[in-house]
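Engineer: Sending over a structure as structure tokens; questions will come in a sec.
Laboratory data are not the source of any read-out in this text; all were calculated from the coordinates shown. Source: prediction; values computed, not measured. Ideal geometry is used to build each Cβ from the backbone, glycine not excepted, and the neighbour counts take in all protein chains shown.
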Amino acid sequence: MNRKKRVLLLGATGSIGRQTLDVLKRHPDEFELAGISAGHNEEALHEIAGEFDGIQAASVLEGNESRWTVPLFTGPDHVQKLMDAVDYDILVNAVVGFAGLAPTLRALETGHDVALANKESLVAGGQLVKKALAASGKKLYPIDSEHSAIWQCLQGSRQKDVNRLIITASGGSFRDRTRQSLENATPQEALKHPNWAMGRRITIDSATMVNKGFEVIEAHYLFDIPFDRIETVLHPQSIVHSMVEFQDGAVMAQLGSADMRLPIQYALMGPDRPRLEEENRLDMTRTMTLEFREMDFDRFPILKTAYEAGRQGGSAGAVFNGADEEAVALFLAGKIPFLKIEDAIRYALKTVPFVADPDYGQLQECDRLAREAVRYGVSQDFRVE
Ligand code: NDP
Ligand code: MG
């Protein structure tokens, strides 16, 4: 009998974390939840622990150890303590933000496969993650829907036959609004994504198109394709999750309803494709319209900045991400207007010193400096003297 695959799930209480738990529950004979971690929500984490057998340990920033029946790690380095304590086969990294980079590196360095939702690992630390992958010989499975789509389209193909990757973008909450109308856009409006229910940060990042910029950088590192062969296209229906164009002109696309459990399940089980629920299933036998529109770089100028940061490499991605994390938090707190998120990112990229070949400590410092630059830049209205 095959042993069950032991899954260590970071970010268990979040949007991807919950959907990962749903996938695991559907396949009790295949998977064991070996460990779980959250940021702040100890209550929800404790409830999750009660739903699964076999959990070896859990971790959260602050918590009450006395009510736990398994070891609970707390404190600023709780994730690291958990990763060192648990025996697991694959890490599912569903943490949001720069905080996800260290666990991705640690899992690879200690000889584990990683199923990656935390796109910031590749945006901020793509070069380091590639090195860790090469040194460990372990695998990185994409969970982000666009990258899962590309990965599915690439099955059975050869790298030399790939001409372009085409990443689809829904356009986010404000896809039908002009730039002028966004000056007074509120967090409540920005948090209403038309097609996907996701965590707050990525929902705002979808509205600014920062998320698509992240995904371009992510694709570059995952699939080893240069930036000038990674395109983006507006596709409001979010049915085509991304495409690969081959040298002979054939275009492969992966279609499906907007359900993150499919890419999560494929990351954990591919090439197996066990049944997911009947409801929400895409019915290609009925009339439907799929639209594709050229990406509008005037309407979404930050996407251009993301390409530039990606091409620059080094610390630029970490600065881009750190500035965005801070700016999104300021926007959600009502401290800066929506369109200033872009200014904040550009301000940080101009003011934080560039490092060409950063190690993890230097990336951490760049992340800190980017956040600091954004907080300071508010008082300067993000103008560089
Ligand atoms: P959520 O905000 O819903 O969840 C984030 C999770 O990370 C929570 O469990 C949270 O814990 C935990 N967390 C937050 N900060 C820390 C920290 N410093 N250390 C440890 N854990 C922490 O985010 P999503 O699930 O939406 O996104 C997770 C990742 O997946 C992001 O990188 C996102 O870009 C990516 N992604 C998400 C998609 C989606 O559909 N949601 C689609 C594609 C990619 P707690 O809440 O308890 O504080
Ligand atoms: Mg995505």
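Engineer: Can you tell me the mean projection area, over all orientations, of the convex hull of region 225-339's alpha carbons? Units nm², please.
Structural biologist: Values: hull surface 44.4 nm².
Averaging across all directions leaves 11.1 nm² for the Cα convex hull.
Engineer: Another question, if that's okay. Loop only by DSSP, 14 or fewer other Cβ within 10 Å of the Cβ. Give me the trypsin sites (Lys or Arg not before Pro) in region 285-385 that pass, ordered by residue number.
Structural biologist: R286, K335, R383
Engineer: Take the alpha carbon atoms of region 335-385, find their radius of gyration, then divide it by 2.2 N^0.38 Å using N residues; give the quotient.
Structural biologist: Compared with the compact-globule rule of thumb, region 335-385 sits at 1.18.
Engineer: Using 0.36 nm per residue of separation minus the Cα-Cα distance, give me the extension gain between N163 and E278 in nm, one decimal.
Structural biologist: So the chain would gain 37.9 nm between N163 and E278.
Engineer: In addition: How much of the DSSP beta bridge set in the chain is antiparallel, as a percent to the nearest 5? Present the calculation step by step, with values, prior to reporting the outcome.
Structural biologist: Details: 11 of 38 bridges.
Expressed as a percentage, antiparallel bridges in the chain total about 30.
Engineer: Please report the Cα spread of region 22-86 along all three principal axes, rounded to whole Å, starting with the longest.
Structural biologist: 33, 23, 19
Engineer: Using r as the Cβ-Cβ distance of R3 and D359, and R0 as 51 Å, what FRET efficiency do you calculate, to the nearest 0.05?
Structural biologist: Using R0 = 51 Å, I get an efficiency of 0.90.
Engineer: Nearest 500 deg cm²/dmol is fine: what mean residue ellipticity at 222 nm does the chain get from its DSSP H runs of n ≥ 4 alone, each adding -39,500 (n - 2.57), divided by its residue count?
Structural biologist: Dividing the helical sum by the residues of the chain leaves -12500 deg cm²/dmol.
Engineer: Based on the Cβ-Cβ distance of H40 and R368, what FRET efficiency does E = 1/(1 + (r/R0)^6) give at R0 = 25 Å, to the nearest 0.05?
Structural biologist: On the way: r = 20 Å, r/R0 = 0.81.
After rounding to 0.05, the efficiency reads 0.75.
Engineer: 5 Å is the cut-off here: which amide hydrogens, built 1.01 Å from N in the peptide plane, fall below it relative to D113, excluding neighbours closer than 5 in sequence?
Structural biologist: Residues meeting the criterion, in which the H sits 1.01 Å from N, are L91, K139.
Engineer: Quick one: P(r) of region 289-365 from all Cα-Cα pairs, 5 Å bins, percents rounded to integers, in order of increasing distance.
Structural biologist: 3, 15, 22, 20, 17, 11, 8, 3, 1, 1
Engineer: Order these peptides, 47-54, 233-240, by their mean beta-carbon neighbour count within 10 angstrom, highest first.
Structural biologist: The most tightly packed comes first, giving 233-240, 47-54.
Engineer: Straight-line reach from K25: which lysines have Cα under 21 Å away, leaving out those fewer than 8 places along the same chain?
Structural biologist: K4, K5
Engineer: Which residue fluctuates most in the GNM of the chain (Cα springs below 10 Å): G213, G317, G156?
Structural biologist: Taking springs between Cα atoms under 10 Å, the residue moving most is G156.
Engineer: May I pose another question? Given a cut-off of 18 Å, what percent of all Cα-Cα pairs of region 206-255 lie beyond it?
Structural biologist: Of all Cα-Cα pairs in region 206-255, 36 percent lie more than 18 Å apart.
Engineer: Convex hull over the alpha-carbon atoms of the chain: what's its volume per residue in Å³?
Structural biologist: Taking only Cα atoms, the chain has a hull volume of 152 Å³ per residue.
Engineer: Under a Cβ-only charge scheme (Lys and Arg +1, Asp and Glu -1), can you give me the dipole magnitude of the chain about the Cα centre, in debye to the nearest 20?
Structural biologist: 360 debye
Engineer: What residue among G199, G322, G11 shows peak mean-square fluctuation when the chain is described by a Gaussian network model with Cα springs under 10 Å?
Structural biologist: Highest fluctuation of the listed residues: G199.
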